[in-house]
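Before any comments, here is the structure.
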Amino acid sequence: MREAIYNHALRNALQHGKADAKAVLSKILAERPELRPKARDVLKEVEEVVEEVNRLSPEEIRERGAAFPRERAAKKEKTLEDLPLSERGAVKLRFAPNPSGPLHLGHARAAVLNDEYAKRYEGDLILRFEDTDPRRVDPEAYEMIREDLRWLDVDWSEEVLQSSRFDLYYRYADELLGMGAAYVCTCPPESFKRHRDAGKGCPCRDKKTGHEEFEKMFNEYREGEAVLRLKTDLSHRNLSMRDFPIMRIVERPHPIAGDRRVYPLMNLSVAVDDHELGLTHVLRGKDHILNTHKQTFIFDLFGWEKPQYIHYGLLKIEGVMLSTSETGQGIKDGRYTGWDDVRLGTLAALRRRGIQADAVRRTMVEVGAKPTDISFSWKNLYAMNKELIDPHAKRYSFVESPKTLTIRGCPEKVVKNPLHPVSDMGFREIRLPEGEVRLLIGKEDFSARAEGDVIRLMGAYNVRISSKDQSGMEGVFHSMELEEARRMKAPLINWVVAGEDVPVKVLSPEGERHGAAEKALLHAGKDEVVQFERYGFVRIEDKNGAVVAVFAHR
């Protein structure tokens, strides 16, 4: 580390004539963030090295600095590629969620990309709720989705509910019947499939009673007995494209629209709305390519101008539950505490953990709209989030599953640990008495230590372990210079004063953890994101009784 400090000090002196200790410290901590809890110790060494470098003559600084390779240029921020055939101010896009639950990370990509493009081209973004399947509508989800979008800073200029547009879809279905481009099929599914796979029309295809049969779907046929099909190419190589359905019967009232019975399938409702709303571009995953073919077939039937379709690759997100239906069932079964359960990949869960909306936006912009599949990087998301929260997150000591450390022969000491290693936020002042001191240390630190070991208590003093058993450890104050402690590789550990500690429950995706924190934590605000030293960033959720903290990341 001393070599790294020396190199940064020399570079700093080359640029400014004299090296600045704070600038060098900032560089070191940016490169090695694990040293932030030890910033005071690092600063002492930085100051020593800076003093050494500043004693050099300008000629010596230039001579020694000549051996350095040029520093790399700052990383260029990734931006989205331009939209094809777009005119500034004329772009119109849509984000079209199904209101079956709140948004998750997968939805965030579509929402952010559409919003980024709308803002870049000073265009419009429509929020369209695709709620034409009454079996997949949660009335509470509409507002949950709006809340998620507001959190993501997504701006929409218009809101559309497809459930309020059924009459429009019926009108276009009637037009297709009148054009001879659609028909009501009452064939059993197995029978239709045999005809379709053979490249032949089913017996219903050439009936002349299309309008009358369509009317029966509203008042006579039962669910599963009839569907409205589009006449397509029966020799199409993709079997799914052959006479695909565009309306069906669902004998369940819609939570918003009431009893409708006949509901459009997505390829009809989406095609109609993309046209009626004047969309210029449609961004969607490449898993929707077949749907694009079906929808453009409808566009061609009506002679409509098609939007530009951009299909991006799949985003593989591992490690969290994303299925809305499975999550909803898990909430009903009691496996999850709610949509913001920290084990989930919902935006509500990320928000609860202290993940910043801008970190999600930046991550999705970096993922972009390229056609290649990509694996989502939690590491990248956490790194971006850390950039946002680290400069403002106060530091506190927390020990998980604490064990007692009793120290004898201690001198009286007032410990002043900074609330932040770089920013001036003040100190947490702790008074340690003369004589015997009882502290709490984390279970991992306890397990790693043996009799005779020397440990360094952060901001306090050195201790030699004299005895250890299951109930705790005992030690004696050990006077030692910093250099000697480093030569012995004495570990630097955090601690909490026993009897002055605050019980803490930490909620994380890996499970619930319990421990103790210094009482200064009680000054942290509700919803504030702080860092538990050597543990990670957490959001303070509750301070009634035991503090409840939600883990974000390291």
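The values are calculated or read from the model by the stated rules, or taken from the named source; none is laboratory data. Keep in mind that this is a model prediction, so the values were computed, not measured. As a convention, Cβ positions derive from the backbone with ideal geometry for all residues, glycine included, and neighbour counts pool all protein chains shown. Just the protein is used for accessible areas: all its heavy atoms, side chains included, with ligands, DNA and RNA removed. Shrake-Rupley method; radii C 1.70, N 1.55, O 1.52, S 1.80 Å.
Here are a few things to note about the model shown:
- Derived scalar couplings ³J(HN,Hα) [segment 382-396; Karplus, 6.51 cos²θ - 1.76 cosθ + 1.60; whole Hz; x for Gly, Pro]: 5, 5, 5, 5, 5, 4, 7, 9, 4, x, 10, 7, 6, 9, 9
- Separation of segment 280-345 and segment 452-475, taken as the distance between their Cα centroids, equals 55 angstrom.
- Annotation: peptides 511-522, 265-276, ranked by per-residue average of other Cβ atoms within 10 Å with the highest first, follow the order 265-276, 511-522.
- 12 Å Cα-Cα reach of LYS370 towards aspartates and glutamates, excluding residues that sit fewer than 8 places from it in its own chain: GLU81, ASP82
- Carbon and sulfur %, accessible surface of the chain computed with the full protein complex present, 1.4 Å: 47
- Counting only aspartates and glutamates at least 8 places from LYS38 when in the same chain, those with an alpha carbon closer than 12 Å to its own are GLU533.
- Contact order for the chain, expressed relative to its length and based on alpha carbon pairs under 8 Å spaced 6+ residues apart, stands at 11 percent.
- Computing log10 I(q)/I(0) by the Debye sum over Cα atoms at q = 0.10 Å⁻¹ for the structure here picks out one of (1) -0.71; (2) -0.84; (3) -0.94, namely (3).
- The mean accessible area for residues of the chain, using a 1.4 Å probe and ignoring ligands and nucleic acids, is 49 Å² per residue.
- Filter on LYS22/LYS44; LYS505/LYS526; LYS394/LYS526; LYS394/LYS489 - keep pairs with C-alpha separation over 19 Å: LYS394/LYS489
- Residues with amide H under 5 Å from that of GLY285, placed H, sequence gap 5 or more: TYR312
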